[in-house]
Amino acid sequence: MEIAILLIVFFVLLFVGVPIAYALCISAAVYLVGFVEVPLIIVPQQLLKGVDSFTLLAIPFFIMAGNLMQGGGISTRIVDFAKKLIGHVTGGLGVVTVIASMIFAAMTGAGAATTAAVGGIMIPEMKKEGYDGGFASALQAIGGIFGPIIPPSVLMVLYAVASGESVSDMLIAGLLPGIFLGVVLIIGVVILCKKKGYTGSGSFSAKAAGKSFIKAFWALLAPVIILGGIYSGIFTPTEASAVTCFYCLIIGIFVYKEIKIKDVGKVVYSGVKSAAGIMLIVAATQVFGWAITRAGIPQDVATFFVTNVSSSGVFMACVVVVLLIAGCFLDAVPAVLIFAPIFCPTAEAYGINLIYFGVIMVIVLCVGLATPPVGMNLFVASSVGGVPVHKIVPHLPVLLAIIMVGVIVVILVPGMVTLLPNLMG
């Protein structure tokens, strides 16, 4: 009974428009007052515990790095290089959108930041070349899902914290699946663009591509520094996020000279605001997570599946369905923090590798970033592209089907996820 009331209060609060962080705390407090003889002082204690982590410092740093990349001209040069390289092929601008999103994802770790940085350049460019605005915006919304999949990734860090797994292993595990999904999406985009008659833009010039590469060199060096530093043991993922911020700041001010020193405060403030919202949700999910653990939900879920489902494959299919539905209504950050403690014990009972399970969880929830009604990427793409959401949605099903084909392959081939962590280990 108490479990039902906890969940009902939470979803009712979400439905009436209460911000998710408050909904998490209020529903947990209602459960504590009604069913548990525990002082309410536990709420602020758990809030503090939720963010009292050195690892979580990576989140505000990566978010600020994304803002510095947007303001410092890094995203512009990445997109220009991709255009010079493959913009001339059939559906070239669509392919450029995907590739630029993947490269930018390897620096920021956030879906909305990737969608805004690349979409602000590519959606108007595609519209100018005759692409339907709704299709261009839908493609960018899908392209933005690579932000939290390809390392570094805010969601991978959060899952590692929630599940107790290695942050480094979680980050590197997303690399091959992220690249594979990108390739699948590119193939699908080329086929779609050919059917729609979207030809390439201009012609290939090795000289122009070379010049563009030189201009983008310092931007393209960022993911090498981030990942190389982490996996060579020079610094931890958290330290890597701080190094990334410093690197982007130096490049933006002194190399590309697109950030004025007087504007640094504004850029940092914008990043801090975004990070504060995420960290508040992280703190609130700690309270909610404590409540659902106290209510025995993880244990009940594990018992139900182990008793009624004999196959780990069927369990994974059930998890994917649940997460796809949840992704339509919950942002990926709270969804990871809510569902990881619930499903991880069950996955462990089935003998499923928790790094593999975490990557699948993150990928499936990232699909929700581009689905209505609350897909963050969808609204960001609509904003930067100047296209109403209702004109974007009709173009989503085919693109989502393409990406889901890739997701199913990743699920069926666990080695794609575990190969790099095993090699690094």
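Values in this text are rule-based calculations from the coordinates and carry no lab data. None of the values given here were measured: they were computed from a predicted structure. Every residue, glycine among them, receives a Cβ derived from its backbone with ideal geometry; neighbour counts consider all protein chains shown.
Within straight-line reach of LYS195, meaning a Cα separation under 22 Å, sit the following lysines at least 8 residues removed in sequence or on another chain: LYS83, LYS127, LYS128, LYS391. Here the Karplus curve 6.51 cos²θ - 1.76 cosθ + 1.60, taken at θ = phi - 60°, turns the phi angles of segment 353-362 into couplings of 4, 6, 5, 4, 4, x, 5, 4, 4, 5 Hz, with x standing for Gly and Pro.
For segment 49-68 versus segment 347-423, the spacing of their alpha-carbon centroids is 22 Å. The angle separating the long axis of helix 20-35 from the principal Cα axis of greatest extent in the chain is about 10 degrees. Here LYS262 is the anchor, and the lysines within straight C-alpha reach of less than 29 Å, apart from those fewer than 8 places off in the same chain, are LYS215, LYS273. If you run the Gaussian network model on the chain, springs between alpha carbon atoms under 10 Å, then out of GLY386, GLY351, GLY174 the most flexible one is GLY351.
Listed by Cβ neighbour count within 10 Å, with the fewest neighbours leading, SER166, SER241, SER232 appear as SER232, SER166, SER241. Cross-link partners for LYS194 among the aspartates and glutamates, with Cα-Cα distance under 19 Å and sequence neighbours closer than 8 places in the same chain left out: GLU125, GLU129, ASP132. Among GLY228, GLY133, GLY385, the largest mean-square fluctuation in a Gaussian network model of the chain, built with springs joining Cα atoms closer than 10 Å, belongs to GLY228. When the alpha-carbon atoms of the chain are used, the pair Rg, Dmax equals 21.4, 73 angstrom. Against the main long axis of the alpha-carbon atoms of the chain, helix 111-128 sits at an angle near 40°.
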